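Trainee: Have a look at this one before I ask anything.
The values are calculated or read from the model by the stated rules, or taken from the named source; none is laboratory data. On a predicted model such as this, the values are computed, not experimentally measured, just so you know. Heads up, the Cβs are rebuilt from the backbone with ideal geometry, glycines too, and the neighbour counts pull from every protein chain shown. When the accessible area is computed, the model is the full protein with side chains, heavy atoms only, and any ligands, DNA or RNA have been set aside. Shrake-Rupley method; radii C 1.70, N 1.55, O 1.52, S 1.80 Å.
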Amino acid sequence: MSALAFAIFFLQGCGKATDSKSTAINIAPAATKPDLESQIRRFCGDCHAFPPPESFPRNNWAEEVNKGFSFFYDSSHPDRNVPPLQATIDYFQARAPKKLPLPVIASLAPPRDGQEFERLDLSSVASHGAPAVAHLAFLTAGFAKQPGLIISDMRSGEVRLWKADGPATTSMELAHLSHPAHAVTTDLDGDGINELVVADLGSFLPDDHSLGKVWWLRPQADGATWQAVELATGLSRVCDVEPADIDGDGDTDFVVAEFGWRKSGRILLLRNQGMKDNVPIMEVEVLDKRHGTIHVPVTDLNGDGRPDFVALISQEHEVIEAFLNRGDGQWERQPIYAALDPSFGSSGIELVDLDADGDLDVLYTNGDSFDSALIKPYHGVRWLENKGTYPFTVHHITAFPGAHRALAADLDGDGDLDLGAVSLLPGPLSDLKQPDSIPGVIWLEQVGKDTTTGEIQFLLHRIEGATCNHAVCALWDWNGDGAIDIIAGNYDWLNKEQPAITVYLNRLTQCRAPH
């Protein structure tokens, strides 16, 4: 696949894309500085972490530096002390490796007797083309009496409900929007029936525009049709929306991750101003002006009774921050994690009490390869442990090329939390995918703590190898047999026959006794 073709295959609205048209900028040579390295470090590290030379192969640095200079001259700060272009390229090339090593994945657990996971494919509607599932959400009782799996397909525009009824499965389209990226349940009108609120990117390909929206999907009395109501319009690419009564006035507000692209993107609060003609009126408030926010899960982090949220901000920022609600309309920002590389490839977070100590930690993946078409040696799954102070303590769980989503649940029925995780690697990296080296779906079995360090230990099991085309996953008892299954949302480039979702039915309890 050509570089241009690769650039347009952009992940779920929550990845990054390079500008295939970037060219070298003709800059007059600056006077030789006595400390060129310090000048380069100041220039490159002014807006984000200084990029380590070893983060790209030697031959990639000319393009990366040209791109960085192009971004700089498009910014609002063209008056800074700019180092010579060629000297900057030479600096990084001289310190870069010829090629990047692949991540070293921990040895897989030995095979066990019996079939541990049974594959079940649920096909997409063929006329909608290859699937690009951006989000999965399980909706239980109270949702218009229709519990099931909601998929948001950012290419087709479908928001679809899948239901399992014993061995049979049925599905129905709830809405056909522009490019839905995330759906969440809430009872916005207070009628006792949960509806859906959907984040809509507004475009499949990355762009700076105002086509993004937040939708309210309301089930109608017949249970088969849904009304789509616009809650917020004129936004840039919206990839997450989370409900909470932020101001304590008894109604539902929303925290919104407006990913944007190059010149657009923010974190927003949709403040509920009450109902008019049975539709909530939302006032848009800007909480943060940085682009690249992927997830904004809401929780009460400090136990003061007010909803806070955690933001994963990617692009060149690559940080995870807590936004603590002070209750007076103000927010206190606290750092949870900051990557040392502006191309770290953040892809997702989940809030979970992984060590069962009574507070919420952060489960974090980085493996977005859409910005560079490179697998980085540090892509993987991390546990950011909450010890009551900021930043959180970082634990590297496993290397995992293309890591895009990891979730926690008790998969083997032994009372502790295991992990299910999926990977997504773009087409140009397919030659690197080997069935015995890079898995597409894994489960990480929690097997106790290290007796010396006390750190939680996990054993990696491969569920699916070679096919690394899953942007998202969900952990849920799909077939009602009491075991938590792993559901992968599929994201394919060209294959219209690719199923929209793949369910890996958990047979672990049938194969072995809990340890």
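Trainee: Compute the Cα gyration tensor for the range 234-349, then decide on rounded, prolate or oblate, letting a ≥ b ≥ c be the square roots of its eigenvalues: rounded whenever a/c is under 1.5, prolate when a/b is larger than b/c in the other cases, and oblate in all that remain.
Mentor: Details: a/c = 2.51, a/b = 1.42, b/c = 1.77.
The shape class here is oblate.
Trainee: Here's another thing I want to ask about it. Holding the Cα-Cα limit at 21 Å, pick out from LYS213/LYS276; LYS213/LYS263; LYS67/LYS213 the pairs that are longer than that. Numbers along the way, then the final one.
Mentor: On the way: LYS213/LYS276 19 Å; LYS213/LYS263 18 Å; LYS67/LYS213 30 Å.
Beyond 21 Å: LYS67/LYS213.
Trainee: Still on this model: Which length gain, in nm to one decimal place, applies between THR451 and HIS209 when the Cα-Cα distance is subtracted from 0.36 nm times their residue separation? Show your work: numbers first, answer last.
Mentor: Working: separation 242, 0.36 × 242 = 87.12 nm, distance 5.31 nm.
Between THR451 and HIS209, full extension yields 81.8 nm more.
Trainee: For ASN302 and ASP245, FRET efficiency with R0 = 22 Å and r from the beta-carbon atoms, rounded to 0.05?
Mentor: Numbers: r = 17 Å, r/R0 = 0.76.
It comes out at approximately 0.85.
Trainee: Now, a different point. If the reach is capped at under 16 angstrom between alpha carbons, list the aspartates and glutamates near LYS98, excluding any in the same chain fewer than eight residues apart.
Mentor: Filter leaves GLU54, GLU63, GLU64, ASP90.
Trainee: For the range 345-401, what does the accessible surface come to per residue with a 1.4 Å probe? Please give it in Å². Don't jump to the answer; show the numbers that get you there.
Mentor: Working: 1560 Å² over 57 residues.
Accessible area per residue, the range 345-401: 27 Å².
Trainee: Separate question: Per residue, how much accessible area does the range 208-249 show when a 1.4 Å probe rolls over the protein heavy atoms, in square angstrom? Let's see the in-between values first.
Mentor: On the way: 1630 Å² over 42 residues.
Using a 1.4 Å probe on heavy atoms only, each residue of the range 208-249 averages 39 Å².
Trainee: With a 1.4 Å probe and every protein chain kept in, tell me what percent of the accessible surface of the range 311-365 is carbon plus sulfur. Before the final figure, lay out the partial values.
Mentor: On the way: 830 of 1800 Å².
In the range 311-365, the share of accessible area belonging to carbon and sulfur is 46 percent.
Trainee: Roughly how big is the range 164-259's charge dipole about its Cα centre, with Cβ charges of +1 (Lys, Arg) and -1 (Asp, Glu), in debye to the nearest 20?
Mentor: Values: 3 positive and 19 negative charges, 91 e Å.
The dipole magnitude comes to about 440 debye.
Trainee: Tell me whether the range 138-268 comes out rounded, prolate or oblate; compute the Cα gyration tensor, take square roots of the eigenvalues as a ≥ b ≥ c, and use a/c under 1.5 as the rounded threshold. Write down the numbers at each step before the final one.
Mentor: On the way: a/c = 2.26, a/b = 1.35, b/c = 1.67.
Because a/c hits 1.5 or more and a/b fails to exceed b/c, the range 138-268 counts as oblate.
Trainee: Going by a ≥ b ≥ c, the root eigenvalues of the Cα gyration tensor, does the range 162-228 fall in the rounded group (a/c under 1.5), the prolate group (a/b larger than b/c) or the oblate group?
Mentor: On the way: a/c = 2.52, a/b = 1.47, b/c = 1.72.
Here the range 162-228 falls in the oblate category.
Trainee: Apply 1/(1 + (r/R0)^6) to the Cβ-Cβ distance of GLN334 and ILE193, taking R0 = 35 Å, and write down the FRET efficiency to the nearest 0.05. Could the numbers behind the result be given before it?
Mentor: Details: r = 37 Å, r/R0 = 1.05.
Once rounded, the FRET efficiency stands at 0.45.
Trainee: Using mean Cβ contacts within 10 Å as the protection proxy, how do 276-282, 84-90, 469-475 order, highest first?
Mentor: Numbers: 276-282: 12.4, 84-90: 17.9, 469-475: 26.0.
Ranking, from highest mean packing down: 469-475, 84-90, 276-282.
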